[in-house]
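The values are calculated or read from the model by the stated rules, or taken from the named source; none is laboratory data. Computed from a predicted structure; not experimentally measured. Here the Cβ positions follow ideal geometry from the backbone for every residue, glycine too, while neighbour counts run over all protein chains shown. When the accessible area is computed, the model is the full protein with side chains, heavy atoms only, and any ligands, DNA or RNA have been set aside. Shrake-Rupley method; radii C 1.70, N 1.55, O 1.52, S 1.80 Å.
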Amino acid sequence: MGSMFRSEEVALVQLLLPTGSAYNCVSQLGELGLVEFRDLNESVSAFQRRFVVDVRRCEELEKTFTFLREEVQRAGLTLAPPEGTLPAPPPRDLLRIQEETDRLAQELRDVRGNQQALRAQLHQLRLHSAVLGQSHSPPVAADHTEGPFSETTPLLPGTRGPHSDLKVNFVAGAVEPYKAAALERLLWRACRGFLIASFRETEGQLEDPVTGEPATWMTFVISYWGEQIGQKIRKITDCFHCHVFPYLEQEEARFRTLQQLQQQSQELQEVLGETDRFLSQVLGRVQQLLPPWQVQIHKMKAVYLTLNQCSVNTTHKCLIAEVWCAARDLPTVQQALQSGSSEEGVSAVAHRIPCQDMPPTLIRTNRFTSSFQGIVDAYGVGRYREVNPAPYTIITFPFLFAVMFGDVGHGLLMFLFALAMVLTENRPAVKAAQNEIWQTFFGGRYLLLLMGLFSVYTGFIYNECFSRATTIFPSGWSVAAMANQSGWSDEYLSQHSMLTLNPNITGVFLGPYPFGIDPIWSLATNHLSFLNSFKMKMSVILGVTHMAFGVFLSIFNHVHFGQAHRLLLETLPELIFLLGLFGYLVFLIVYKWVNVSAASASSAPSILIHFINMFLFSQNPTNHLLFHGQEVVQYVLVVLALATVPILLLGTPLYLLRQHRHRRNTQRRPAGQQDEDTDKLLASPDASTLENSWSPDEEKAGSPGDEETEFVPSEIFMHQAIHTIEFCLGCISNTASYLRLWALSLAHAQLSEVLWAMVMRIGLGMGREIGVAAVVLVPVFAAFAVLTVAILLVMEGLSAFLHALRLHWVEFQNKFYSGTGYKLSPFTFTVDSD
């Protein structure tokens, strides 16, 4: 937990890995997840690196794994996660896994192909049976029994006519239902009516061989005369992709064919059942072998990609890697390297080296602190060894949210919702939920827990529970004493609907409420004016305190980075400017609260007028002083605040310019004197320490450690001028920005009051009888609950969350936090799951 206040010390470590054991060493480091590898081959393309062939083989295996996984999902099966922790397989196992994977994939392809062919054949047999089994009655020639125009007149003339050689032919098949009408219409138009077509829908649905879904088909039988008509019919049915089957003229022959088709269908179903059973066996082997193979090949690919970032020494016997690693993890890394290289007989070596780049930032978090650290990192990852705002955000963020969201009932609902997520956080079903909104809430469950808890606390201070005041302690105001000593008669009470309680009368005001706001204020007509004054002053006090704490935290940055000049030239003037003006405003507020009594409240001076006159160097005769010597104090504070501006503007640039000239003069000293200084430096006990040569000074441009870095005074002055203007104007605007605490708190209270008055109060007044009230209150309370959750908890909660986020990012963190760093991204095989 100590690293939460400041990022851990990170060292640049050079690893010398023997070629034979480099794979095992990197695999061990991946299991630990403690080091971040630097790419030493940035100038080399990805296709020219040493282990590109092995990476391609792993990628080919991953493609095969994807095919196997899709086949398992197609069968409606699931892949169970592998049990335990599987290490990266040895390189020699890659060929074995590849051979077994290819064999399984080929078996699946063959079985799937045979299954598809059998299903297609069975589908054709069932369609053919459906065509023959439908009651199509093809027309046949009949004898002349009546006149030439009788319905029984044969379609073809007698055998002695010119068309005696024509014969009735048939085309039978099946087509999709949505094509049947178009097919029938086109046949009639193309053949000019020289055919008779019969379309019927199949009695049952047939399974589609591709999708497996049941589908309805239309069977048809077409009788025609003439070869040309037959060719047209066959071409049209081919265009519509119809399934055409032989159709015999004799009914007995069709019946025998139907029996043969049914027998063949039964035989095909038996063969298809055996194929399905064999497919299930193959899929069972895939379910057993695929999950561990996926994990192992994923790790193997990661190891080879990491090895591609290493360089090779001139003898090709050793790989050289550079990693970022926490200083306290170096013994663990060294032990892992020895374990990985023990089989080769030559141990891998790890040693720290100086670096000129800014190291990455490493802040270890847990389930509780990760959400608060995420709020800070969303603004920007802190610079290396910079003060981390997250530990303070754990308290300040929920508290500022609660100031805007203060309500016992609403805070309790939020707290219980977060508590339920915390208590069920280890359940697999809760972690595996894929809903993005749920994942967002679940990731910030501890943040919601504290936000709800602090909202309950501020709700007790505001004395609001679903906009209703609660009487936990006796009120500090006595109406009876006021009535007894004021002589309120019945006539007076009938003429005055509003009564005033005078605290100056003995016994009326008994003392302040023990905790929070007195519940009698909820009955007062000046309730809103009282809360306006209270919450506005409270917002200013909280805002100035929050900003002053941010400036105070910058002291730890300057001390840690050895920037003592910034303490005197920046932090001290900033504190004088902020506290001299706005800290004095807070003092006036507290002083007036403490010293002005109810008896003198009517003649109490205005703090706002005093503050305005402070900057104008004037005095309002009608506005009395709060204490003796107030004018002198105000003048001194304004002069001090104005005097700090040129110090902020010119102090640091002039100091750095002087330091630069001093270093330049030092470099021009005689060579002999420089050699003496060098000998003293080498003889010092700190010369052997391997501390990073990176410097955090913002003023030093270019690469740290470069002696020829150009010093540009204009850039230093410009940077400091921007910082000075931003801070001075920011003190005014940021203080005003904290008034959002007052505005949103009042908005939340008033919205809650409106919801109660428009829903619950109307519902409670609808029915006086017990039965009627029970029936009415059920939908009324349901509507009140839904609106409370949707509007007051979700919408108002999100609004207060965003405003609290802005107060931390803009008003608090910019006083000491730069957020210009980058995270340490260790090479690891594990996946974080909060």
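According to a simple spin-label model (label point 7 Å from Cα along Cα-to-Cβ), what is the distance in nm between Ser618 and Ile791?
Placing both labels 7 Å along Cα→Cβ, they lie 4.6 nm apart.
Out of Leu40, Pro331, Ile520, whose Cα points farthest toward the positive end of the dipole of the chain (charges: +1 Lys, Arg; -1 Asp, Glu; placed on Cβ)?
Working it through, the farthest residue towards the positive pole turns out to be Ile520.
For Glu267, Glu343, give the ranking by accessible area with the largest first, probe 1.4 Å.
Glu343, Glu267
May I ask you to rank Tyr457, Tyr23 by accessible area, largest first, using a 1.4 Å probe over the protein chains only?
Tyr457, Tyr23
Heavy atoms only, 1.4 Å probe, whole protein assembly: order Phe401, Phe454, Phe278 by accessible area, highest first.
So, going from the largest accessible area down, we get Phe278, Phe454, Phe401.
In square angstrom, rounded to the nearest 10, how much accessible surface does Arg427 have for a 1.4 Å probe?
140 Å²
Using each residue's phi in the stretch 592-606, evaluate 6.51 cos²θ - 1.76 cosθ + 1.60 at θ = phi - 60° and report the 3J(HN,Hα) Karplus result to the nearest Hz, with x for Gly and Pro.
Those phi angles translate into 5, 4, 7, 9, 8, 9, 5, 5, 9, 5, 5, 10, 5, x, 8 Hz.
If the viscosity is 0.692 mPa s and the temperature 37 °C, what translational diffusion coefficient in µm²/s does Stokes-Einstein give for the stretch 399-509 when Rh comes from Kirkwood over Cα pairs?
D, rounded to a whole number, is 187 µm²/s.
The stretch 328-370: D in µm²/s via Stokes-Einstein (Kirkwood Rh, Cα pairs, 25 °C, 0.890 mPa s)?
Here the translational diffusion coefficient equals 184 µm²/s.
Just to verify a number: FRET efficiency for Ala215 and Arg38, C-beta to C-beta distance, R0 = 51 Å, to 0.05?
Efficiency for this residue pair is about 0.30.
Can you give me the distance in nm between label points at Thr545 and Asn366, each placed 7 Å from the Cα along the Cα-to-Cβ direction?
2.8 nm
Under 15 Å from the Cβ of Gly411, count the other residues' Cβ atoms, weight Lys and Arg +1, Asp and Glu -1, and hand me the total.
Cβ neighbours under 15 Å give a net charge of -2.
Can you tell me the 0 to 90 degree angle between the C-alpha axis of helix 671-683 and the longest principal axis of the chain, rounded to 10?
70 degrees
What is the set of long-range amide H partners of Leu319 at a cut-off below 5 Å, with H atoms built 1.01 Å from backbone N?
The list, which skips near neighbours in sequence, is Leu17, Thr19.
As an exercise, use a Förster radius of 30 Å and the Cβ-Cβ distance of Phe552 and Arg328 to find the FRET efficiency, rounded to the nearest 0.05.
For R0 = 30 Å, the calculated efficiency reads 0.60.
³J(HN,Hα) across the stretch 169-185 via Karplus (A = 6.51, B = -1.76, C = 1.60, θ = phi - 60°), whole Hz, x for Gly/Pro?
Each residue of the stretch 169-185 in turn: 10, 10, 10, 10, x, 9, 9, 5, x, 6, 9, 5, 4, 5, 5, 5, 5 Hz.
What length, rounded to one decimal in nm, is gained on full extension from Glu715 through to Gln228, with 0.36 nm per residue of separation minus their alpha-carbon distance?
Going from the current span to full extension adds 165.9 nm.
Normalised by the residues of the chain, what does the relative contact order come to in percent, with Cα pairs under 8 Å and at least six apart?
Relative contact order here is 21 percent.
With a 1.4 Å probe and every protein chain left in place, tell me how much accessible area Thr202 has, in Å² to the nearest 10.
10 Å²
What is the distance in Å between the Cα centres of the stretch 35-55 and the stretch 322-388?
21 Å
Taking the structure as given and computing volume of the Cα convex hull per residue in Å³, which label from (i) 363; (ii) 228; (iii) 172 fits?
Matching entry in (i) 363; (ii) 228; (iii) 172: (i).
Which whole-Hz ³J(HN,Hα) couplings does the stretch 303-320 yield from phi under the Karplus relation 6.51 cos²θ - 1.76 cosθ + 1.60, θ = phi - 60°, glycine and proline marked x?
Karplus values, whole Hz, x for Gly and Pro: 5, 5, 5, 5, 5, 5, 8, 8, 9, 10, 6, 5, 8, 6, 9, 8, 9, 10.
Need the full-extension length gain, Ser497 to Ser342, defined as separation in residues times 0.36 nm minus the C-alpha distance. One decimal, nm.
Full-extension gain reported as 46.5 nm.
How high is the relative contact order of the stretch 244-349, given as a whole-number percent (alpha carbon pairs under 8 Å, six or more residues apart)?
Once divided by the residue count of the stretch 244-349, the mean separation gives 9 percent.
Taking 7 Å along the Cα-to-C-beta vector as the label spot, tell me the Trp593-Ile353 distance in nanometres, rounded to one decimal.
Spacing of the two 7 Å Cα→Cβ label points: 5.9 nm.
Nearest 20 debye, what's the magnitude of the dipole of the stretch 231-354 about its Cα centre given +1 on Lys and Arg Cβ and -1 on Asp and Glu Cβ?
With Lys and Arg at +1 and Asp and Glu at -1, about 500 debye.
Applying 1/(1 + (r/R0)^6) with R0 = 22 Å to the Cβ-Cβ distance of His527 and Leu608, what FRET efficiency is obtained, to the nearest 0.05?
So, using R0 = 22 Å, E works out to roughly 0.50.
Can you show me the helix-derived [θ] at 222 nm for the chain, built from DSSP H runs with n ≥ 4 at -39,500 (n - 2.57) apiece and divided by the number of residues, rounded to the nearest 500.
After summing the helix terms and dividing by the residues of the chain, the value is -18000 deg cm²/dmol.
Give the carbon-plus-sulfur fraction of the accessible surface of the chain in %, rounded to a whole number; probe 1.4 Å, heavy atoms of protein chains only.
Heavy-atom surface of the chain belonging to carbon and sulfur, 1.4 Å probe: 59 percent.
Report the gain in length on full extension from Val271 to Ala564: 0.36 nm times residue separation, minus Cα-Cα distance, nm rounded to one decimal.
96.7 nm
So how much accessible area does His558 have, in Å² to the nearest 10, using a 1.4 Å probe?
20 Å²
Skipping prolines and chain starts, which residues have an amide H placed within reach, meaning under 5 Å, of the one on Gly821, given they are 5 or more residues away or on another chain?
Val381, Gly382, Arg383
Could you state the accessible area per residue of the stretch 360-400 in Å², with a 1.4 Å probe and every protein chain left in place?
Dividing the accessible area of the stretch 360-400 by its residue count gives 29 Å².
Please give the per residue accessible area of the stretch 271-327, computed with a probe of 1.4 Å over protein heavy atoms only, in Å².
Each residue of the stretch 271-327 exposes 42 Å² on average to a 1.4 Å probe.
Amide H of Arg6 versus every other amide H placed in the peptide plane: which residues, excluding those fewer than 5 positions away on the same chain, fall under 5 Å?
Long-range HN contacts for Arg6: Asn388.
Assign unit charges at the C-beta atoms only (+1 for Lys and Arg, -1 for Asp and Glu), then state the dipole size of the chain relative to its Cα centre in Debye, rounded to the nearest 20.
So the dipole magnitude of the chain works out to roughly 740 debye.
Can you give the angle from 0 to 90° between the axis of helix 607-616 and the longest principal axis of the chain, with both taken from C-alpha atoms, to the nearest 10?
Long axis of 607-616 versus the principal axis of the chain: about 70 degrees.
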